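Asker: Submitted below is the structure of interest, expressed as structure tokens.
The values are calculated or read from the model by the stated rules, or taken from the named source; none is laboratory data. Source: prediction; values computed, not measured. Don't worry about glycine lacking a Cβ; one is built from the backbone with ideal geometry, like all the others, and counts go over all protein chains shown.
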Amino acid sequence: MRLEKRPEPSRAWMVATPVLAVILTMIAGGVMFALLGKDPFVAIRTIFWDPLFNEQFAAYSRPQLLVKAAPLILIAIGLSLGFRAGVWNIGAEGQYIIGAICGAAVGLAFYPADLFIVFPLMVLAGALGGFLWAMIPGLLRVRFGTNEILVSLLLVYVAEQLVASMALGPLRNPEGGGFPGSRNLQQYSAASNGELIAGTGMHWGVVAAFISVIFAYILLNRHLTGFHIRLAGQSPRAARFGGVNPGRLVLFCMGVSGALAGLAGMFEVSGPAGQIGIDFNVGYGFTAIIVAFLGRLHPVGILLAGLLMALTYIGGELAQFMLGLPSASIQAFQGMLLFFLLAVDMLTNFRVRIGRGAKI
Amino acid sequence: MNLSAIDPVLLIASLMVAATPIILAAIGELVVEKSGVLNLGVEGMMITGAICGFGVAVESGSPVLGFALAAIGGAVLAMLFGLLTQVLLSNQVATGLALTLFGLGISALIGQSYRGISPPATTRLDMGPLSDLPVIGRILFSHDWMVYFALALVAVVWAFLKFTRGGLILRAVGENHEAAHALGYKVVRIRLMAIAFGGACAGLGGAYISLVRVPQWTDGMTAGAGWIALAIVVFASWRAGRVLLGAYLFGGITVLQLNLQAAGVPVPVEVLSMSPYLITIAVLVLMTSGRRGNSAPAMLGRLFHASS
């Protein structure tokens, strides 16, 4: 068996590989669940089917789908731009945290003023916070050639310490009886990011996620910057001759992904999470990396991948509750998905030939 | 605040311990990168090694067996990376990340039943009268055997890369895989061996954290050590000797900030806790500015596919 490079990536496989990867993951995941002593079929059904269609749980789970998918999609859309251009921002988790801190700080600064302007200001602050945090690795790479992968990732640990110190220090709820954690923004209507339509889970973050999908689609297909991003990813040398400024492209990709991650954090802290706590972040920034690849770095694909990944979160919680499946097994499951995806991705770029054919 | 509570001798002695996991992981990754492969999954392999080593040591009562299994666990996970990147030609950055995400998940899964247990103690190497020497004895000759194993490993890797034919071939593959392939060297096979070695080293480093440095099991306990090891390879300009320097620098900062926390310095604990990461970033910037990465292996992260 040998591999033969295709002259052009296969379009059919491009669509089929994520589906194939999901199926393979379900099989491998089933084996893992069986090893844990659970019925694999029940486990898979609990994760992928029950949250949406089981009478008992669907009413609660369906709205959760949008709530969980929104931050994943927002972050993954930003990351996908960079990944296409060969700019590896893997510190979205940190930018997400900083966005949440900045957004919450602005909201809390106005407490208890009931002004219309508070929430828009929080949105701006969240985006700006994430943007600036992402600019650190961006500028270091452009100015000094420092590896942005390592810097952006190391900054996640810095951000985690920062959120802990904020929850214990400046942002701590003065009426919280000394417990760590800020005021609950859900109880402060001017700063709250509540459901827009009751019972759907639709909040401003979901709206922003949908807008970001459309924005990214137009950018990549109809705009010169999008063309530059794709060009730089496929052929850096050609891009340089084509007049692409590599430094500016790095900053653009870093900035957009940081701002979107910051927005995601801000919508999360003002909505579903409600407050800045010590363990505010739950790894959306890392899962979003899987979402970006599962969606083949394509905006529409990311939308679908985000929903699927949100489903594994909700289904995982359900399986934890119903079957006693450990929460870590979902994390392993998600990691497996990325593995299978990368493994079968080969089929889009290579043709598998059986035997030693003479034809080249 | 009581700075006099910090004993410099004890500080340097614990620095050696703090640096050991980083040395192990970084020297393994150095070999991988020298062969032209960028494996960003060090963190995942370390945490997998940490739980494999911990579990086996607890079950068998033997830390040595724990370390051995940790190395195997790390190598197995690394071979997954090798299979994907070398045979199925996937993107190395993405696959490395997948390895880290998967490793964190699988280790938390295995580790559930091991929370709150103490592992068997790793034996201290008895050096007789040497350990009784004032100051030097405490700093150099009173550690467990893994500390010396790590140092020996650095020396072996250094000698291998510099003096042996195998080392030369490894470097050739990393500098120009087309040429190495044309000369008849099995590029993929050599790289797979390097990747397995890197995984085993990372596994050992992880096990050192869970068996000696902490010693207990908590989810995600490597806390970025794998990423710092990656940074230290860059800091070391891909030279074995400098890995030691980088790891001691980092170990020193870690130990110092822990001591400062204990001494009650009027700086928030969180600021002290983030200092190792910030300083690593600062050092990275210093090392990469000026010289434009010319010491990196030329084929680092590049795909190799023999078309004929």
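Asker: Determine, yes or no, whether B:Ala262 is within 14 Å of the chain's Cα centre (by Cα) and either in a loop (DSSP other than H, G, I, E, B) or not basic (Lys, Arg) (or both). Break it down into steps so the answer makes sense when it comes.
Answerer: Working: within 14 Å of the chain's Cα centre (by Cα): no; either in a loop (DSSP other than H, G, I, E, B) or not basic (Lys, Arg) (or both): yes.
When the stated conditions are applied, B:Ala262 does not pass them.
Asker: Could you please find all residues in segment A:1-28 being free of Cβ contacts under 8 Å to residues at least 12 places away in the same chain and either buried (at least 17 other Cβ atoms within 10 Å of the Cβ) or farther than 30 Å from A:Ile330 by Cα (or both)?
Answerer: A:Pro7, A:Glu8, A:Arg11
Asker: Can you find a residue in segment B:77-87 that is among the β-branched types (Val, Ile, Thr) and under 26 Å from A:Trp88 (Cα atoms)? Break it down stepwise before answering.
Answerer: Taking segment B:77-87 as the starting set, the residues that turn out to be among the β-branched types (Val, Ile, Thr) are B:85, B:87.
Going one step further and asking which of them are under 26 Å from A:Trp88 (Cα atoms), we end up with B:85, B:87.
Checking segment B:77-87: at least one residue is among the β-branched types (Val, Ile, Thr) and under 26 Å from A:Trp88 (Cα atoms).
Asker: Something else about it: Looking only at segment B:1-41, which residues are within 30 Å of B:Thr85 (Cβ to Cβ), of a type in the set (A, V, I, L, M, F, W, C) and in contact with a Phe, Trp or Tyr (Cβ under 7 Å, 6 or more places away or on another chain)? Steps first, answer last, please.
Answerer: The first filter runs over segment B:1-41 and keeps only residues within 30 Å of B:Thr85 (Cβ to Cβ), leaving B:19-41.
Of the ones still in play, those that are also of a type in the set (A, V, I, L, M, F, W, C) are B:19, B:22-27, B:30-32, B:37-38, B:40.
Correct list: B:Ala19, B:Ile22, B:Leu24, B:Leu30, B:Val31.
Asker: Applying the selection to segment A:29-38, what residues are over 26 Å from A:Thr348 (Cβ atoms), assigned to a helix (DSSP H, G or I) and touching a residue at least 60 places away in the same chain (Cβ under 8 Å)?
Answerer: A:Met32, A:Phe33
Asker: Let me ask something additional. Determine, yes or no, whether B:Ala172 is in contact with a Gly (Cβ under 9 Å, 6 or more places away or on another chain), assigned to a helix (DSSP H, G or I), more than 14 Å from chain A (Cβ to nearest Cβ) and farther than 23 Å from A:Leu153 by Cα.
Answerer: Working: in contact with a Gly (Cβ under 9 Å, 6 or more places away or on another chain): no; assigned to a helix (DSSP H, G or I): yes; more than 14 Å from chain A (Cβ to nearest Cβ): yes; farther than 23 Å from A:Leu153 by Cα: yes.
No, not satisfied.
Asker: Follow-up. For segment B:36-68, enumerate the residues that are free of Cβ contacts under 8 Å to residues at least 60 places away in the same chain and crowded, with 23+ Cβ neighbours inside 10 Å. Break it down stepwise before answering.
Answerer: Residues of segment B:36-68 that are free of Cβ contacts under 8 Å to residues at least 60 places away in the same chain, as a first pass: B:55-56, B:59-62, B:64-65, B:68.
Scanning segment B:36-68 gives B:Gly55, B:Val56.
Asker: Could you give me the residue pairs with C-beta distances under 7 Å whose first residue belongs to segment B:87-105 and is more than 7 Å from chain A (Cβ to nearest Cβ), whose second residue is of a type in the set (Phe, Trp, Tyr) wherever it lies, and which are 6+ apart or on separate chains?
Answerer: Partner pairs satisfying both residue conditions: B:Gly96/B:Phe81; B:Leu99/B:Phe81.
Asker: If you go through segment B:284-299, how many residues are in contact with a helix residue (DSSP H, G or I) (Cβ under 6 Å, 6 or more places away or on another chain) and either more than 10 Å from chain A (Cβ to nearest Cβ) or at pLDDT 75 or above (or both)?
Answerer: Taking segment B:284-299 and keeping what is in contact with a helix residue (DSSP H, G or I) (Cβ under 6 Å, 6 or more places away or on another chain), we get B:284-285, B:287-289, B:297-299.
From the residues that got through so far, the ones that are either more than 10 Å from chain A (Cβ to nearest Cβ) or at pLDDT 75 or above (or both) too are B:284-285, B:287-288, B:297-299.
Final tally of qualifying residues: 7.
Asker: Out of B:Arg138, B:Arg171, which single residue is basic (Lys, Arg), under 30 Å from B:Ser62 (Cβ atoms) and at pLDDT below 90?
Answerer: Details: B:Arg171 fails: under 30 Å from B:Ser62 (Cβ atoms).
Only one candidate passes the filter, namely B:Arg138.
Asker: Right, here's the next one. Which ones in segment A:158-186 are free of Cβ contacts under 8 Å to residues at least 40 places away in the same chain and assigned to a helix (DSSP H, G or I)? Talk me through it step by step, then tell me what you get.
Answerer: Narrowing segment A:158-186 to residues free of Cβ contacts under 8 Å to residues at least 40 places away in the same chain: A:161, A:165, A:169, A:172, A:174-179.
Answer for segment A:158-186, where residues must be free of Cβ contacts under 8 Å to residues at least 40 places away in the same chain and assigned to a helix (DSSP H, G or I): A:Gln161, A:Ser165.
Asker: Which pairs do you get when a residue that is farther than 15 Å from A:Phe333 by Cβ, found in segment A:39-52, comes within reach of a residue that is of a type in the set (Lys, Arg) and in a helix (DSSP H, G or I), reach meaning Cβ atoms under 7 angstrom, with the pair 6+ apart or on two chains?
Answerer: Here the result reads A:Leu52/A:Arg62, each pair linking segment A:39-52 to a residue that is of a type in the set (Lys, Arg) and in a helix (DSSP H, G or I).
Let's see how each residue does on (1) of a type in the set (S, T, N, Q); (2) assigned to a loop (DSSP other than H, G, I, E, B); (3) within 10 Å of another protein chain (Cβ to nearest Cβ); (4) surrounded by 16 or more Cβ atoms within 10 Å (Cβ to Cβ):
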| residue | (1), (2), (3), (4) |
| --- | --- |
| B:Ala223 | no, yes, yes, yes |
| B:Ala247 | no, no, no, yes |
| B:Thr254 | yes, no, no, yes |
| B:Phe304 | no, yes, no, yes |
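Asker: Pick from segment A:120-140 the residues that are over 26 Å from A:Ser182 (Cβ atoms) and surrounded by fewer than 24 Cβ atoms within 10 Å (Cβ to Cβ): which of them is nearest to the other protein chains (Cβ to nearest Cβ)?
Answerer: A:Leu140
Asker: Of A:Ala164, A:Ala190, A:Ala238, A:Ala232, which residue is within 28 Å of A:Val282 (Cβ to Cβ) and out of contact with any Phe, Trp or Tyr (no Cβ under 7 Å at 6 or more places or on another chain)? Quick ask: steps written out before the conclusion?
Answerer: Numbers: A:Ala190 fails: out of contact with any Phe, Trp or Tyr (no Cβ under 7 Å at 6 or more places or on another chain); A:Ala238 fails: within 28 Å of A:Val282 (Cβ to Cβ); A:Ala232 fails: within 28 Å of A:Val282 (Cβ to Cβ).
Only one candidate qualifies: A:Ala164.
Asker: From the residues in segment A:143-153 that are surrounded by 19 or more Cβ atoms within 10 Å (Cβ to Cβ) and modelled with pLDDT under 90, which one is farthest from the other protein chains (Cβ to nearest Cβ)?
Answerer: Per the stated criteria, the residue is A:Glu148.
Asker: When only residues in segment A:327-360 that are surrounded by fewer than 18 Cβ atoms within 10 Å (Cβ to Cβ) and farther than 22 Å from A:Arg11 by Cβ count, which is modelled with the highest pLDDT?
Answerer: Looking at residues that are surrounded by fewer than 18 Cβ atoms within 10 Å (Cβ to Cβ) and farther than 22 Å from A:Arg11 by Cβ, I get A:Ser327.
Asker: Do any residues in segment A:110-139 that are within 18 Å of A:Ala208 (Cα to Cα) have Cβ atoms under 8 Å from those of residues that are hydroxyl-bearing (Ser, Thr, Tyr), where the two are at least six apart or on different chains, and which pairs are they?
Answerer: If the second residue must be hydroxyl-bearing (Ser, Thr, Tyr), the pairs left are A:Phe119/A:Ser192; A:Phe119/A:Ser270; A:Met122/A:Ser270; A:Gly130/A:Tyr96.
Listed here are the residues, each with its yes/no results for (1) modelled with pLDDT of 85 or more; (2) touching a helix residue (DSSP H, G or I) at 6+ places or on another chain (Cβ under 6 Å).
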site	(1), (2)
B:Phe235	no, yes
B:Leu244	yes, yes
B:Ala247	yes, yes
B:Ile253	yes, yes
B:Ala262	no, no
B:Pro268	no, yes
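Asker: Would you mention how many residues in segment A:226-245 are surrounded by fewer than 16 Cβ atoms within 10 Å (Cβ to Cβ) and in a helix (DSSP H, G or I)? First the steps, then the outcome.
Answerer: Quick first cut of segment A:226-245, residues surrounded by fewer than 16 Cβ atoms within 10 Å (Cβ to Cβ) only: A:234-238, A:240-243, A:245.
Now narrow it down to the ones that are in a helix (DSSP H, G or I): A:234, A:236-238, A:240-241.
Qualifying residue count for the region: 6.
Yes/no matrix, rows are residues, columns are (1) in contact with a Ser or Thr (Cβ under 6 Å, 6 or more places away or on another chain); (2) on the phi > 0 side of the Ramachandran plot; (3) aliphatic (A, V, I, L, M); (4) surrounded by 24 or more Cβ atoms within 10 Å (Cβ to Cβ):
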site	(1), (2), (3), (4)
A:Ser257	no, no, no, yes
A:Val269	no, no, yes, yes
A:Pro272	no, no, no, no
A:Asn281	no, no, no, no
A:Ile289	no, no, yes, yes
A:Phe293	no, no, no, yes
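Asker: From the list A:Gly94, A:Gly86, pick out the single residue that is within 30 Å of A:Ala259 (Cα to Cα) and buried (at least 21 other Cβ atoms within 10 Å of the Cβ).
Answerer: On the way: A:Gly86 fails: buried (at least 21 other Cβ atoms within 10 Å of the Cβ).
Selected residue: A:Gly94, the only one of A:Gly94, A:Gly86 that is within 30 Å of A:Ala259 (Cα to Cα) and buried (at least 21 other Cβ atoms within 10 Å of the Cβ).
Asker: Another question about this same structure. Can you name the residue in segment B:196-221 that is hydroxyl-bearing (Ser, Thr, Tyr) and assigned to a helix (DSSP H, G or I) and is also farthest from B:Ala108 (Cα to Cα) among such residues? Step through it out loud before you land on a result.
Answerer: Taking segment B:196-221 and keeping what is hydroxyl-bearing (Ser, Thr, Tyr), we get B:208, B:210, B:218.
Among the residues that remain, those that are also assigned to a helix (DSSP H, G or I) are: B:208, B:210.
Details: B:Tyr208: 17, B:Ser210: 13 Å.
Top of the filtered list is B:Tyr208.
Asker: Give A:Ile27, A:Ile73 a once-over and let me know the one that is modelled with pLDDT of 85 or more and farther than 20 Å from A:Glu268 by Cβ.
Answerer: Details: A:Ile73 fails: farther than 20 Å from A:Glu268 by Cβ.
Going through A:Ile27, A:Ile73 in turn, the sole match is A:Ile27.
Asker: Now, a different point. Checking the structure you have, find out if any residue of segment A:156-174 is among the small types (Gly, Ala, Ser) and modelled with pLDDT of 90 or more.
Answerer: Pass one, segment A:156-174, residues among the small types (Gly, Ala, Ser): A:159, A:164-165, A:167, A:169.
From what is left, the residues that are modelled with pLDDT of 90 or more are A:159.
Scanning segment A:156-174 turns up at least one residue that is among the small types (Gly, Ala, Ser) and modelled with pLDDT of 90 or more.
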